[in-house]
Amino acid sequence: MKHTAIDIHTHVEFAGTFEILKKRYKEDEIFGKFFVSATGRHSAELNRGIVAGIRDALRDPQKKIRDMDEKKIGIYVLSSTPFAFFYEVEDDLAVELARFQNDQLSEMVKKYPDRFAAMATLPLQVPNEALKELERAIKMLGLRGVEIGSHVGRRELGDEAFWPIYSMLEELGMPIFIHPHHVAGMERLQDFYLSNLIGNPLDTTIAAAQLIFSGVLERYPSLKIILAHGGGQFPYIVGRMEHGYEVRPECKEKIRRSPMTFFKNFYFDIITHNPDALRYLIGIAGSDHVLLGSDYPYDMGDPDPVQTVSQLQGIKEKDRRKIMQENAIALFGLKAS
Ligand SMILES: [Zn+2]
């Protein structure tokens, strides 16, 4: 039987990416610069073993398809692992790595057009090159949106350097998937994998606030933003942002309308690991704005997202279908199966 569910949050890694990286960095430098910095040393050491165990799932399309069939999923919308954003490398290398990854993503989609779609990665530390790569990835390679980090080095997502990219995405009608990486407060989040448990949702929340308060969403009102991990704390504190806008002058410096006005620009995956939290999310965002996602193949993901949605009590069947499939078709312009 053909599966209809579409999983919009799944990751892929390419062996060639690290070959390119090794031309510039030694192996232990790569480990420190890209992995220890993101999770702290203890978790990075543990992840070495854990990621070795999911390497096939990250890289091998056949393994992905077997897992999709087992999980009753029709299409994976692929994006690079956040470790491969490479916003911290030199400009020329960043461009080379983004181009390589987007070419590979496109190849995978072309080889298995019924099972994969993909979002591009961009060398955002070089905004003019990122803009060129965005155009190439969408128009030439057929990718269906972009995955970007929750910030780019010291630049927040509200930075005007990125506005031409938002403008082009709005014009193309393609979504932006924001995935947290190199999270805020790392000096306090190194124990207990809190870099991920708390840092990831926190950084997503900062990204959403930046897009609202900087005026990005007022300037580009049709922009569609997908937030990872149920949007982090954002759906829970949007009322606090609204109140802040009412009482604090800082919050009105760049926008004329209140934060809640822009809530409709956001879409959320289902990864909350709690049915009450997921019901709350669907309630506040609406069933048109929640999408099935798993974070495959990482251990912090939802191992069986179809079951999560199928067994969620208190929602209508038509809303289940939207979350499972229809919203993704509309957002990414996919063909219905
Ligand atoms: Zn992820």
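Quick check: anything in region 19-27 within 16 Å of the ligand (Cβ to nearest atom) and of a type in the set (Ser, Thr, Tyr)? If you could, list the steps in order and put the result at the bottom.
Just the residues of region 19-27 that are within 16 Å of the ligand (Cβ to nearest atom), to begin with: none.
No, region 19-27 has no match at all.
Output the helices (runs of 4 or more DSSP H) that fall wholly within region 168-249 and possess 2 or more residues being within 16 Å of the ligand (Cβ to nearest atom) and under 19 Å from Glu156 (Cβ atoms), or say none.
Numbers: elements: 194-197, 199-213, 216-219, 234-247.
Helices (runs of 4 or more DSSP H) meeting the threshold: 199-213.
Please indicate, with yes or no, whether at least one residue in region 225-232 is surrounded by fewer than 21 Cβ atoms within 10 Å (Cβ to Cβ) and at pLDDT 95 or above. No; the residues of region 225-232 include none that is surrounded by fewer than 21 Cβ atoms within 10 Å (Cβ to Cβ) and at pLDDT 95 or above. If I filter region 295-309 down to residues being away from the ligand (no atom under 16 Å from the Cβ) and in contact with a strand residue (DSSP E or B) (Cβ under 9 Å, 6 or more places away or on another chain), which single residue comes out as nearest to Asp56 (Cα to Cα)? Among those residues, the one meeting the criterion is Val306. The set of residues in region 299-311 being in a loop (DSSP other than H, G, I, E, B) and closer than 18 Å to Ile65 by Cβ consists of Gly301, Pro303, Asp304.
Within region 56-70, the residues that satisfy the criterion of being touching an Asp or Glu at 6+ places or on another chain (Cβ under 8 Å) and within 16 Å of the ligand (Cβ to nearest atom) are Ala57, Leu58, Arg59. Across region 284-294, the qualifying residues are those that are outside any loop (DSSP other than H, G, I, E, B) and hydrophobic (A, V, I, L, M, F, W, C), and the one among them that is nearest to the ligand (Cβ to nearest atom) is Leu291.
Determine whether Ile148 is touching a strand residue (DSSP E or B) at 6+ places or on another chain (Cβ under 8 Å) and either modelled with pLDDT of 95 or more or surrounded by fewer than 22 Cβ atoms within 10 Å (Cβ to Cβ) (or both). Yes. For beta carbons closer than 7 Å, sequence separation of 6+ or different chains, a first residue in region 7-36 that is over 24 Å from Lys63 (Cα atoms) and a second that is within 16 Å of the ligand (Cβ to nearest atom), the qualifying pairs are Phe34/Phe83; Phe35/Asn47; Phe35/Phe83.
The values are calculated or read from the model by the stated rules, or taken from the named source; none is laboratory data. Small disclaimer: the values here were computed from a predicted structure and weren't measured. With ideal geometry, Cβ positions are generated from the backbone for all residues, glycine too; neighbour counts draw on all protein chains shown.
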